[in-house]
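Asker: The structure that follows is given in the form of structure tokens.
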Amino acid sequence: MEKTWNNNAWFMVLPVLVLVAFSAVIPLMTVVNYSVQDTFGNNEFFWAGTDWFQDVLESDRFWDALTRNLIFSAIILAIEIPLGIVIALNMPKKGIGVPICLVLMALPLLIPWNVVGTIWQVFGRVDIGLLGRTLAALGINYNYVQNPIDAWVTLIVMDVWHWTSLVVLLCYAGLVSIPDAYYQAAKIDGASRWSVFRYIQLPKMKRVLLIAFLLRFMDSFMIYTEPFVVTGGGPGNSTTFLSIDLVKMAIGQFDLGPAAALSIIYFLIILLLSWIFYTVMTTSDAKG
Amino acid sequence: MARINLEHIRHAYGAKPKSEADYALKEVHHEWNDGGAYALLGPSGCGKTTLLNIISGLINPSEGQILFDGTDVTHLATQHRNIAQVFQFPVIYDTMTVYDNLAFPLRNRHVPEAEVDRRVKEIIEMIGLGGWAKKTARGLTADQKQKISLGRGLVRSDVSAILFDEPLTVIDPEMKWVLRSQIKRLHKRFGFTMVYVTHDQTEALTFADKVVVMYDGQIVQIGTPAELFERPSHTFVGYFIGSPGMNVLPAKIDGATAAVGGESIALGFRPKIKAGATTELGIRPEFISLGREGMPVAITKVEDIGRHKVVRARFADRPISIIVDEDGEIPAEPHVTFDRQAINIYADSWRVGEEA
Ligand SMILES: Nc1ncnc2c1ncn2[C@@H]1O[C@H](COP(=O)(O)OP(=O)(O)O)[C@@H](O)[C@H]1O
Ligand SMILES: [Mg+2]
């Protein structure tokens, strides 16, 4: 087939290119620029090579934060994905319940991150928070300001509350696309509830689950606002994730070089892990 | 291996049916003999699928009962009815192999694996997918998928009944013929009761011992192919069966004669007609003869369709069709005569018999 070349088309994509350049490529390059230089102020920069990268990779601080991130994301995925599936499976498929459920599910997604953080920060406070007071009244010793485990539990519950809906909505979209005939055939074939899930619903949800998984992984791995608002990275360093560490480094200590190096490493880790998940999940999909 | 009785079944999809028109099934009261082969024939939307789903338990009828061998199963779940059903559009389990798809209904019922293997191998050969056993079902073509659906319906040898809902629509004509004869063979061997929905009348007529014709949520006639042809009990059956369908002409009945337009036709019997009914005369194109004698007609068109010709004409200001042999001549001043034995009289669309 003949291909027709239309050079005018390039003008059409130009605005997007400019936008992407200013919003992504140029800032990223600035960061790359910082990461290989040193400065003592006065806008004088010296070539530093890979020193900052070595510093970052050799610091315990980095590995500790990375470990926290990995554990946090693993827990988030392990809770939100199955919970999201279970809720989606139990949502009504028709009738008045559908719009009600959808609105309820969408509500947490509409609340900005810092507001979610603030809500939970107040909600969990032992002196005035509803949750904190209730737990105290029940004799449960809960204090996210002092106890690292409580701080983690608070962050996890908060994230689950905030983001499980996303998984639910994606799964639900996959489920409603299954024609009735499939469920009818399953009944005729004597399939159990589990078989229906395993052989009809799960395969249909696979694609959306992949998206949900990647979105929740990337997002939880980059978590910043909530721990910043609720725990500020503490108690101690127990909730200091890479992002928090990064901000401390860049803005708190004004170590632009190491912070830039950390940013790039952080970015590459997310890219790498997402790519691994994507490849693993799509190849297993192809094999069936 | 079950006699199925439908006792005054009515079904409406909406929650609160107000009028007769809200019912997808108006009233079905019928017995399906054990081991019978039935074709269910009717236009789209007349309730065929609804009826099958009620038999298999996918739908609970709004009113009425279903009996299997005399036992009430109206509220029994599909899984416990021991019925197989093949749907109009292919349903396959994407992630399973072709083999596992076919084995699925057996394994769910805990059939021993050796027996599963034997059955699946037989069916897989029958549907012509022998070489595909180990392939995942995902990449197959639409007609291969439909063969798998069909195979899953046939793989259980002990079912009481198999319901086929237009299973061969997407299959090419040659394969259609092969599969149809295979289904017939299995039916002979295992003796399950079989209901086969189709809107292809040749398929219905060649396939079944009894043809059940549905129209607008009701069964309008049950009979052998010959009965449907010769004595359609509803004008719809007349139209629907045969090609072209029966000629139905408005007629005034007076004793043993029918007046159609200005012509009066002797019937040879006195139809029993209630006062005020709309009466019609039905005559199949095959039973009208064209010649120089009889009632005058005006020919509008002659269609040559192989072994015979279809003559379209106007008779008593109504369009009619006449079937003429291939070498039959068409006279210059055409007249027609009706075979008296083949005339049927309808009152309000239903065929009427002789006055006692
Ligand atoms: N799930 C449903 N909900 C509401 N109406 C339905 C449903 N299924 C079928 N109907 C209606 O019931 C009537 C009979 O449909 P169906 O049994 O599918 O006919 P057929 O199989 O003969 O084409 C149609 O008027 C159709 O619109
Ligand atoms: Mg149908």
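Asker: Could you check B:Leu58 against (1) touching a strand residue (DSSP E or B) at 6+ places or on another chain (Cβ under 7 Å); (2) at pLDDT 90 or above; (3) within 16 Å of ligand 1 (Cβ to nearest atom); (4) open to solvent by 20 Å² or more (accessible area, probe 1.4 Å) and say which number it fails?
Answerer: All conditions pass for B:Leu58, except number (1).
Asker: Please specify each residue of the stretch B:159-169 satisfying the condition of being in a loop (DSSP other than H, G, I, E, B) and away from ligand 1 (no atom under 16 Å from the Cβ).
Answerer: B:Val159, B:Ser160, listed by residue number.
Asker: Of the conditions (1) under 18 Å from B:Gly261 (Cβ atoms); (2) of a type in the set (Gly, Ala, Ser); (3) modelled with pLDDT under 90, B:Gly306 clears all except one; give me its number.
Answerer: With (1) under 18 Å from B:Gly261 (Cβ atoms); (2) of a type in the set (Gly, Ala, Ser); (3) modelled with pLDDT under 90 applied to B:Gly306, the lone miss is (1).
Asker: Before we move on, is B:Gly47 near ligand 1 (Cβ under 10 Å from one of its atoms) and buried (at least 21 other Cβ atoms within 10 Å of the Cβ)?
Answerer: Against the criterion (near ligand 1 (Cβ under 10 Å from one of its atoms) and buried (at least 21 other Cβ atoms within 10 Å of the Cβ)), B:Gly47 qualifies.
Asker: Still on this structure, please answer the following. In this structure, does B:Gly42 turn out to be farther than 25 Å from B:Phe190 by Cα and either surrounded by 21 or more Cβ atoms within 10 Å (Cβ to Cβ) or near ligand 1 (Cβ under 9 Å from one of its atoms) (or both)?
Answerer: So B:Gly42 fits the description; yes.
Asker: Being of a type outside the set (D, E, K, R), in a loop (DSSP other than H, G, I, E, B) and open to solvent by 10 Å² or more (accessible area, probe 1.4 Å) is the filter; apply it to the stretch B:172-199 and report the residue that is farthest from ligand 1 (Cβ to nearest atom).
Answerer: Among them, the one singled out is B:Gly191.
Asker: Mind listing just one residue for me: the one in the stretch B:200-230 that is aromatic (Phe, Trp, Tyr) and within 20 Å of B:Asn344 (Cβ to Cβ) and, of those, farthest from ligand 1 (Cβ to nearest atom)?
Answerer: B:Phe229
Asker: Could you list all residues from the stretch B:222-232 that are farther than 17 Å from B:Ala37 by Cβ and open to solvent by 30 Å² or more (accessible area, probe 1.4 Å)?
Answerer: B:Phe229, B:Glu230, B:Arg231
Asker: Please enumerate the residues belonging to the stretch A:108-136 that are in a helix (DSSP H, G or I) and open to solvent by 90 Å² or more (accessible area, probe 1.4 Å).
Answerer: Of everything in the stretch A:108-136, those that are in a helix (DSSP H, G or I) and open to solvent by 90 Å² or more (accessible area, probe 1.4 Å) turn out to be A:Leu110, A:Trp113, A:Leu130, A:Arg133.
Asker: Moving to a separate point now. Hey, can you tell me all the residues within the stretch B:325-336 that are within 15 Å of B:Phe287 (Cβ to Cβ) and modelled with pLDDT of 90 or more?
Answerer: If the condition is that a residue be within 15 Å of B:Phe287 (Cβ to Cβ) and modelled with pLDDT of 90 or more, then B:Val336 is the only one that fits.
Asker: Which of the numbered conditions does A:Val153 fail, given that it passes all the others? Conditions: (1) part of a helix (DSSP H, G or I); (2) buried (at least 18 other Cβ atoms within 10 Å of the Cβ); (3) more than 14 Å from chain B (Cβ to nearest Cβ).
Answerer: Against the list (1) part of a helix (DSSP H, G or I); (2) buried (at least 18 other Cβ atoms within 10 Å of the Cβ); (3) more than 14 Å from chain B (Cβ to nearest Cβ), A:Val153 comes up short only on (2).
Asker: State which residue pairs qualify: first residue at the interface with chain B (Cβ under 9 Å from one of its Cβ atoms) and inside the stretch A:174-185, second residue part of a helix (DSSP H, G or I) in any location, beta carbons under 6 Å apart, and separation of 6 or more residues or different chains.
Answerer: A:Tyr182/A:Ile200
Asker: Can you tell me which residue within the stretch B:200-214, out of those that are within 16 Å of ligand 2 (Cβ to nearest atom) and buried (at least 21 other Cβ atoms within 10 Å of the Cβ), is modelled with the lowest pLDDT?
Answerer: Selected residue: B:Ala204.
Asker: Also, I was wondering about something else. Hey, can you tell me all the residues within the stretch B:284-309 that are β-branched (Val, Ile, Thr), open to solvent by less than 50 Å² (accessible area, probe 1.4 Å) and assigned to a strand (DSSP E or B)?
Answerer: B:Ile288
Asker: Taking into account only those residues within the stretch B:146-158 that are of a type in the set (A, V, I, L, M) and more than 10 Å from chain A (Cβ to nearest Cβ), which is nearest to ligand 1 (Cβ to nearest atom)?
Answerer: B:Leu150
Asker: Look at A:Val145 and say whether it is touching a residue at least 12 places away in the same chain (Cβ under 8 Å), touching a Pro at 6+ places or on another chain (Cβ under 7 Å) and under 21 Å from A:Gly236 (Cβ atoms).
Answerer: The answer is yes for A:Val145.
Asker: Okay, next question. Could you look through the stretch B:143-182, keep only residues that are small (Gly, Ala, Ser) and within 16 Å of ligand 2 (Cβ to nearest atom), and pick out the one that is nearest to B:Val211 (Cα to Cα)?
Answerer: The extreme case among them is B:Gly153.
Asker: Another question, if that's okay. Can you tell me how many residues in the stretch B:35-57 are more than 19 Å from B:Ala204 (Cα to Cα) and more than 14 Å from ligand 2 (Cβ to nearest atom)?
Answerer: Number satisfying all stated conditions: 1.
Asker: Right, here's the next one. Looking at the stretch B:23-30, can you tell me whether even one residue there is within 14 Å of ligand 2 (Cβ to nearest atom), in contact (Cβ under 8 Å) with a residue 12 or more places away in the chain and either among the aromatic types (Phe, Trp, Tyr) or open to solvent by 20 Å² or more (accessible area, probe 1.4 Å) (or both)?
Answerer: Scanning the stretch B:23-30 turns up at least one residue that is within 14 Å of ligand 2 (Cβ to nearest atom), in contact (Cβ under 8 Å) with a residue 12 or more places away in the chain and either among the aromatic types (Phe, Trp, Tyr) or open to solvent by 20 Å² or more (accessible area, probe 1.4 Å) (or both).
Asker: I would also like to ask the following. Scan (1) in a strand (DSSP E or B); (2) closer than 30 Å to B:Val297 by Cβ; (3) open to solvent by 10 Å² or more (accessible area, probe 1.4 Å); (4) at pLDDT 90 or above for the single condition B:Ile219 breaks and write down its number.
Answerer: Result: B:Ile219 passes all but (2).
Asker: Name the residues in the stretch B:12-21 that are open to solvent by less than 70 Å² (accessible area, probe 1.4 Å) and either of a type outside the set (A, V, I, L, M) or within 14 Å of another protein chain (Cβ to nearest Cβ) (or both), would you?
Answerer: B:Gly14, B:Pro17, B:Ser19
Asker: So, in the stretch B:1-22, how many residues would count as being under 18 Å from B:Gln65 (Cβ atoms) and within 16 Å of ligand 2 (Cβ to nearest atom)?
Answerer: The total comes to 1.
Asker: For the structure I just gave you, tell me whether B:Tyr93 is open to solvent by 20 Å² or more (accessible area, probe 1.4 Å), aromatic (Phe, Trp, Tyr) and free of Cβ contacts under 8 Å to residues at least 60 places away in the same chain.
Answerer: No.
Asker: Checking B:Leu25 against (1) aliphatic (A, V, I, L, M); (2) more than 14 Å from chain A (Cβ to nearest Cβ); (3) within 10 Å of ligand 1 (Cβ to nearest atom); (4) out of contact with any Pro (no Cβ under 8 Å at 6 or more places or on another chain): exactly one of these is not met. Which one?
Answerer: It is condition (4) that B:Leu25 fails.
Asker: I want to confirm something. Restricting to the stretch B:99-142 and keeping residues that are under 22 Å from B:Thr78 (Cβ atoms) and in a loop (DSSP other than H, G, I, E, B), which single residue is most open to solvent (accessible area, probe 1.4 Å)?
Answerer: This residue is B:His110.
Yes or no, residue by residue, for (1) more than 10 Å from every other protein chain (Cβ to nearest Cβ); (2) within 32 Å of the chain's Cα centre (by Cα); (3) in contact (Cβ under 8 Å) with a residue 24 or more places away in the chain:
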{"residue": "B:Phe104", "(1), (2), (3)": "no, yes, yes"}
{"residue": "B:Glu113", "(1), (2), (3)": "yes, no, no"}
{"residue": "B:Leu129", "(1), (2), (3)": "yes, yes, yes"}
{"residue": "B:Thr136", "(1), (2), (3)": "no, no, yes"}
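Asker: If you scan the stretch B:49-78, which residues turn out to be among the hydroxyl-bearing types (Ser, Thr, Tyr) and more than 14 Å from every other protein chain (Cβ to nearest Cβ)?
Answerer: B:Ser62, B:Thr71, B:Thr74
Asker: Go through the stretch A:168-220 residue by residue and tally those that are surrounded by fewer than 19 Cβ atoms within 10 Å (Cβ to Cβ) and not in a helix (DSSP H, G or I).
Answerer: Residues flagged as surrounded by fewer than 19 Cβ atoms within 10 Å (Cβ to Cβ) and not in a helix (DSSP H, G or I) within the stretch A:168-220 amount to 4.
The values are calculated or read from the model by the stated rules, or taken from the named source; none is laboratory data. These figures come from a predicted structure and were not determined experimentally. Backbone-built Cβ (ideal geometry, glycine too); neighbour counts: all protein chains shown. Each accessible area value is taken on the protein alone, full model and side chains, heavy atoms only, with ligands, DNA and RNA left out. Shrake-Rupley method; radii C 1.70, N 1.55, O 1.52, S 1.80 Å.
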